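The values are calculated or read from the model by the stated rules, or taken from the named source; none is laboratory data. It should be emphasised that the depicted structure is a prediction, and the values quoted were computed from it without experimental measurement. Here the Cβ positions follow ideal geometry from the backbone for every residue, glycine too, while neighbour counts run over all protein chains shown.
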Amino acid sequence: MILCQVCGNEISMGSLICRFCASEQQDHLLPKSPFLQKTVNLERGRPSAETALRRLTLEIGTAKREGIRLLTLIHGYGSSGKGGVIREECRKSLDYMRLRKEICDYIPGEEYSSKAGPAKALVRRYPQLSQDKNLKINNPGITVVIL
Ligand SMILES: [Zn+2]
């Protein structure tokens with residue numbers, strides 16, 4: 001359990017911003033935990049959106065039990081067709097899971113860059129992540145889930 005360095009409320013592992021007082025945490029003061037990454041291809045076998053979503057829920061549960069911190073989902077993209085639908089539905093589900101605190105956060109592939117935003121903060125906290133090639137390609141066909 002981690003406590004906010006400002007207000008003392010509990011904050012979730014992997015989060016650098018306190019959700020109670022919105023203050024940024026000094027990451028050198030946070031306890032380090034082992035960092036494990038995993039990639040899951042939701043497109044494999046060209047599933048229906050429904051099947052892909054069921055797989056998403058299962059994989060998130062499994063990853064949490066395995067102590068995975070960062071789960072990269074491959075869902076494909078496209079303005080029409082299955083890839084686009086799966087991507088949209090996945091992110092809707094992730095929004096809901098984030099609300100229910102089942103996941104810490106997620107970063108859409110097109111915003112997953114070591115140069116800005118939440119991914120930049122993530123790389124600062126987990127330097128080993130800078131090896132992730134997805135950080136360099138703005139890939140809209142993936143979503144990175146922080147557990
Ligand atoms: Zn706080």
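Of all residues in the stretch 1-25, none that is touching a residue at least 60 places away in the same chain (Cβ under 8 Å) and in the same structural domain as residue 104 (by TED's automatic domain parsing) has its Cβ atom under 9 Å from the Cβ atom of a residue that is more than 6 Å from the ligand (Cβ to nearest atom) and part of a loop (DSSP other than H, G, I, E, B), 6 or more apart or on another chain.
Taking (1) touching a Gly at 6+ places or on another chain (Cβ under 7 Å); (2) of a type in the set (Ser, Thr, Tyr); (3) under 20 Å from residue 15 (Cα atoms) in turn, residue 77 satisfies each apart from (3). Residues in the stretch 54-89 that are farther than 22 Å from residue 102 by Cα and at pLDDT 85 or above: 76, 85.
Right, residue 98: closer than 17 Å to residue 13 by Cβ, basic (Lys, Arg) and modelled with pLDDT under 90 or not? Considered against the rule, which asks whether it is closer than 17 Å to residue 13 by Cβ, basic (Lys, Arg) and modelled with pLDDT under 90, residue 98 comes out as no.
For the stretch 135-146, the criterion of being under 25 Å from residue 23 (Cβ atoms), of a type in the set (A, V, I, L, M) and part of a helix (DSSP H, G or I) is met by none of the residues.
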